[in-house]
Every structure is written in structure tokens, then in C-alpha cells.
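To start, the structure itself, in C-alpha cells.
The values are calculated or read from the model by the stated rules, or taken from the named source; none is laboratory data. Worth saying up front: this structure is predicted, and the values here are computed from it rather than measured. All Cβ positions, even for glycine, are placed from backbone atoms using ideal geometry, and neighbour counts span all protein chains on display. Surface accessibility is based on the protein's heavy atoms, side chains included, excluding ligands, DNA and RNA. Shrake-Rupley method; radii C 1.70, N 1.55, O 1.52, S 1.80 Å.
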Amino acid sequence: MDTNLITLPYALDSLDPVLSAETLSIHHGKHLGAYVTNLNAALPGSGFEGLSLEEIVAKAPAGKIFNNAGQILNHNLYFLQFTPTPVLEGPTGKLKEAIDKTFGSFEEFKKTFTSQGAALFGSGWIWLAEDAEGSLVIKQYSNAGNPVADGLKPILTFDVWEHAYYVDYRNRRPDYLGAIWNILDWNVISNRF
């Protein structure tokens, strides 16, 4: 299992003005870095050594190991879905077909996803996930929650913890959620489906 802090595939200042270098430095370096440190400290003797993050999230009970592994997995998926130079304005292929089938259109999906992210009480994550039958669902999770813990496959996520947006957007979560669509790498996201 790799429990090292991921290297971002873009420069800290390259997602500006959607996400500033200051936000990425704090969010990636400090918050995600702390989850990595905490998980590595908790793993020895836990019975979860050598498992992937997905396996830990699926098997660990609520508590320190689940919380830190969940936050690492969540943040890795979050950070790796961004690009400073988007070439696609939405999903392609089978993911586009599934979104159109489930939500009527990509625009309707965006509205629903953004609305549910804005409505999530407190801190957490909004996810597009795939169930065992290949159907898409939007799920809200508090804290370190993740679709993997429910047997679902994570496809797309927006972090709605305040540390993800407060420097740039203050308490304007809907503005953050509206802007983040502009830096998504739909090749990466479509390949998760």
C-alpha cells in the first residue's frame, strides 16, 4: 500500500483563479499531509498493514484508521481529477451515456450535483458513484465517508469541507462548487467509470 503524500500533477498556482496556490498548499500539503502522517502512525499492529486504501476504507470500522484512510482516498481522487488546461467540457463515452440516461442531461446532472453539494450539512463530500449494476448515484457523505464503504465505485467528488474553499470563497460554498467544474479533467473522470 502506498501511504505517501501524492505529488500533484500540476503546479500549485496553475488552478488559479478557481483554486489558489495558497488553498492548494494548505489543503494538499497540510490537511492531506496530516492524514498521511496519522494513518502511517496508526497502521503498525492494526491488522490493516499492506492493504490498499480502498480495502482499508471497505473493511475498517469507524475510527482513526478509517477516518485517515478515507480522507487520503477522498483527497487523492479529488486532487487527481483536476487540470489547469481542460480540453473537454464534460464526460465522454459510456460515462456521458450513463449521465444522460440517469439525469436527463449533463446540465441537469451538474445542477443536481452542485445543489446536493451545497446542501450537505457541515463538512464532507459529494460523490458521483457507480453501483454494482453500473447505475450512477449521487451520494452525500459526512467527514471521511466514501462510496467504497458502501460497495460503490467512486467516479467524481467535490470536497465540501471548508478547508477546500474558505481561503478563496470564504463561506460561499455554492460559488466554489460552481467554479470547480472549470478545472475538471474529464478524461480522468470518464476513465474511472
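Order F82, F48, most accessible first, counting only protein heavy atoms with a 1.4 angstrom probe.
Result of the area sort, largest leading: F48, F82.
What order do I26, I183 take when sorted by accessible area (1.4 Å probe), most exposed first?
I26, I183
With the full set of protein chains in place, find how many percent of the accessible area of the chain is carbon and sulfur; take the probe as 1.4 Å.
51 percent
Over the range 72-193, what is the mean sequence separation of C-alpha contacts under 8 Å (at least six apart), divided by residue count, expressed as relative contact order in percent?
Reported as a whole number, the value is 35 percent.
Only helical DSSP H runs with n ≥ 4 go in: add -39500 (n - 2.57) per run for the chain, normalise by residue count and round the 222 nm mean residue ellipticity to 500 deg cm²/dmol.
Computed mean residue ellipticity for the chain: -12000 deg cm²/dmol.
Over the Cα atoms of the chain, compute the convex hull volume and normalise it per residue, giving Å³.
Normalising the Cα hull of the chain by residue number yields 107 Å³.
Within the chain, what is the number of lysine pairs with alpha carbons under 21 Å apart, leaving out pairs fewer than eight places apart on the same chain?
Taking the Cα cut-off of 21 Å, the pair count is 19.
Would you list S25, S20 from the most to the least accessible area, probe 1.4 Å?
The ranking, largest first, comes out as S25, S20.
What figure in square angstrom, to the nearest 10, would you give for the accessible area of T92 with a 1.4 Å probe?
Approximately 60 Å² for this residue.
Which helices pass in the chain if a helix is a full DSSP H run, must span at least 30 angstrom along its long axis by Cα, and must have mean Kyte-Doolittle hydropathy not below -0.5?
The qualifying helices: there are none.
Pick out, from W125, Q140, P174, the residue whose Cα sits farthest towards the positive end of the charge dipole of the range 121-193, with +1 on the Cβ of Lys and Arg and -1 on the Cβ of Asp and Glu.
Looking along the dipole axis, the top candidate is P174.
Please identify the longest segment of the chain free of exposed GluC sites (Glu not before Pro), where exposed means a DSSP state other than H, G, I, E or B and no more than 12 other Cβ atoms within 10 Å.
The segment 134-193 is the longest one with no such site.
Please identify, among F121, F109, F158, the residue showing maximal mean-square fluctuation in a Gaussian network model of the chain using a 10 angstrom Cα cutoff.
Looking only at F121, F109, F158, the largest GNM fluctuation is found for F121.
Within 14 Å, Cβ to Cβ, of L152, how many net charges do the neighbouring residues add up to if Lys/Arg are +1 and Asp/Glu are -1?
Value of the local net charge: -2.
To the nearest 20 debye, what charge dipole does the range 99-193 have about its Cα centre, counting +1 at the Cβ of each Lys and Arg and -1 at the Cβ of each Asp and Glu?
Charge dipole, the range 99-193, about its Cα centre: 180 debye, nearest 20.
Assign unit charges at the C-beta atoms only (+1 for Lys and Arg, -1 for Asp and Glu), then state the dipole size of the range 67-134 relative to its Cα centre in Debye, rounded to the nearest 20.
Charge dipole of the range 67-134: 160 debye, to the nearest 20.
What is the magnitude of the charge dipole of the chain about its Cα centre, with +1 placed on the Cβ of each Lys and Arg, -1 on the Cβ of each Asp and Glu, and no other charges, expressed in debye to the nearest 20?
300 debye
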